[in-house]
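Remarks on the structure that follows.
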Amino acid sequence: MIKKAKRIENLPPYLFARIDQLKEEAINRGIDVISLGIGDPDQPTPMPIVQKLCEEALNPANHRYPSYEGLLEYRQAVANWYKYRFNVDLDPKKEVLSLIGSKEGLVHMIWGLVDRGDIVLCPDPGYPVYRISTLLAEGEPYSIPLKIENKFLPKWEDIPTEIAKKAKVMFLNYPSNPTGAVIDKKGLEEAVKFAKEYDIIILYDNAYSEITFDGFVAPSILEIDGAKDIAIEFNSLSKTFNMTGWRIGYAVGNADLISVLSTVKTNVDSGVFQAIQYAAIEALNNLRDFSKESVKIYQRRRDMVLDAFKGMGVEILPPKGTFYVWVPVPEGFTSTDFAAFLLEEIGVLVVPGIGYGDYGEGYIRISTTISEDRLIEALKRVKEFFGRDDWKSKKPSLLLK
Ligand SMILES: *Cc1c(COP(=O)(O)O)cnc(C)c1O
């Protein structure tokens, strides 16, 4: 028997692995499974970006170890993008760092900040990486409850004073995975004020900054006066340019936090393949309007999901961003039972809300990163199934325990 480290042993069971297993089993039983599970853009990366990669891949100068912090040209392109998009000034040498995707940066930032027992405030429901990275560093995650009655925004008075005083770091993520909620500048001002009052570092995850609906424009936390004293923002090209497979992102903001993150990174990984950095420069400089097209697609799909559930009498708070819809489960089901139920009965895979934290119970997450044909088919199956009057008497047999 291999003896694992306690930090691995003590991790909560990985729900998504169990879901994958159920999906496999369903497929093996011959079920045509439609996955509304993972959030991963189905559209291709724009061709000019791919072309740039191909050109740069041919240059042997790009075949060697890249610098840890990223090409200055890449960091400058990020700074220019922040000036153009958010009117935020960044020093590319001290306030920008290249990342192998923002996930990598979020996790490494925790390694640089958290000692055993340190409290980290994590949005709940939220991206599982926040809690897990905290646990891996032997810190203590504490939930920032995000409730529907507050439009899935934090109520800072919900955090007990003694916890706030002890907390060292907080994660914040809007547009939010999984709820699709957004925050405005006033909300961010309140977050910065709370964090400054209790001396808490903010790790702001803005991965969906360009995926917003109904005319809403997502702010950067760095737009808030004084935010740069305490905050670092993570973003990537993954969702903005359909580049999840490429692994390129960046951290921007407080120079000391950038320096800590850089110290961790230089010791555990290397920079981003330079050809990919050049392709990313192309995207940031010359494809600034690309996401407007993606937004039209995601908004149309969101509306299809909202319409379908409305027709079934299910009330959903319409998401203002991301490509997720956060749907309440019927009474009498846990989120996990309900997800298993949908998979078993109609071959539709969704993610149970409990996978995003205790406050995610009572919801499932639907991702719309799937072709419209398949999305329509999935919604048709859901509608047909709930149109039958016997469905409530059925019991899911694939209970996940
Ligand atoms: C997709 C996603 C990321 C970005 O991941 P990359 O590592 O940049 O591909 C970060 N945060 C959240 C909440 C996400 O959903």
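The values are calculated or read from the model by the stated rules, or taken from the named source; none is laboratory data. Since the model is a prediction, treat every value here as computed from it, not as a measurement. Note that we place each Cβ from the backbone using ideal geometry, even for glycine, and neighbour counts take in every protein chain shown.
Just one residue in the set Val325, Val268 is among the β-branched types (Val, Ile, Thr) and surrounded by 15 or more Cβ atoms within 10 Å (Cβ to Cβ); that residue is Val325.
Counting only helices (runs of 4 or more DSSP H) wholly contained in segment 159-243, the ones carrying 2 or more residues that are crowded, with 19+ Cβ neighbours inside 10 Å occupy 185-197, 237-240. With a requirement of 1 or more residues that are in contact with a strand residue (DSSP E or B) (Cβ under 6 Å, 6 or more places away or on another chain), the helices (runs of 4 or more DSSP H) lying completely within segment 1-72 that satisfy it span 15-28. Ile148 passes every criterion in (1) among the hydrophobic types (A, V, I, L, M, F, W, C); (2) farther than 19 Å from Gly355 by Cβ; (3) over 15 Å from the mean Cα position of the chain (by Cα) apart from (2). So is Val107 of a type in the set (Val, Ile, Thr), in contact (Cβ under 8 Å) with a residue 24 or more places away in the chain and assigned to a loop (DSSP other than H, G, I, E, B) or not? For Val107, the condition - of a type in the set (Val, Ile, Thr), in contact (Cβ under 8 Å) with a residue 24 or more places away in the chain and assigned to a loop (DSSP other than H, G, I, E, B) - is not met. The residues of segment 43-80 that are buried (at least 16 other Cβ atoms within 10 Å of the Cβ) and within 16 Å of the ligand (Cβ to nearest atom), listed by number, are Thr45, Ile49, Gly70, Tyr74, Val78. Note on segment 235-246: among residues that are within 7 Å of the ligand (Cβ to nearest atom) and of a type outside the set (D, E, K, R), the one that is nearest to Gln76 (Cα to Cα) is Ser236.
Criterion applied to Val107, Val96 was being within 16 Å of the ligand (Cβ to nearest atom), closer than 30 Å to Ala5 by Cα, in contact with a helix residue (DSSP H, G or I) (Cβ under 6 Å, 6 or more places away or on another chain) and β-branched (Val, Ile, Thr), and the one residue passing it is Val107.
With respect to the stated conditions, Gly37 is closer than 27 Å to Tyr298 by Cβ and within 16 Å of the ligand (Cβ to nearest atom).
Among the numbered conditions (1) away from the ligand (no atom under 13 Å from the Cβ); (2) under 17 Å from the mean Cα position of the chain (by Cα); (3) touching a residue at least 60 places away in the same chain (Cβ under 8 Å), the only one that Phe216 does not meet is (2). Based on this model, can you work out whether Asp115 counts as surrounded by fewer than 22 Cβ atoms within 10 Å (Cβ to Cβ), modelled with pLDDT of 95 or more and either among the acidic types (Asp, Glu) or assigned by TED's automatic domain parsing to the domain that holds Val325 (or both)? So Asp115 fits the description; yes. In segment 187-213, the qualifying residues are those that are charged (D, E, K, R) and more than 16 Å from the ligand (Cβ to nearest atom), and the one that is nearest to Val78 (Cα to Cα) is Glu189. Given the criteria under 22 Å from the mean Cα position of the chain (by Cα), modelled with pLDDT of 95 or more and within 12 Å of the ligand (Cβ to nearest atom), does Gly249 qualify? Here the answer is yes, as Gly249 does meet what is asked.
Yes or no, residue by residue, for (1) at pLDDT below 95; (2) assigned to a loop (DSSP other than H, G, I, E, B); (3) within 16 Å of the ligand (Cβ to nearest atom):
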| site | (1), (2), (3) |
| --- | --- |
| Lys83 | no, no, no |
| Pro92 | no, yes, no |
| Tyr130 | no, no, yes |
| Ser133 | no, no, yes |
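Only one of the numbered conditions (1) at pLDDT below 95; (2) within 16 Å of the ligand (Cβ to nearest atom) is violated by Asp158, and that is (2).
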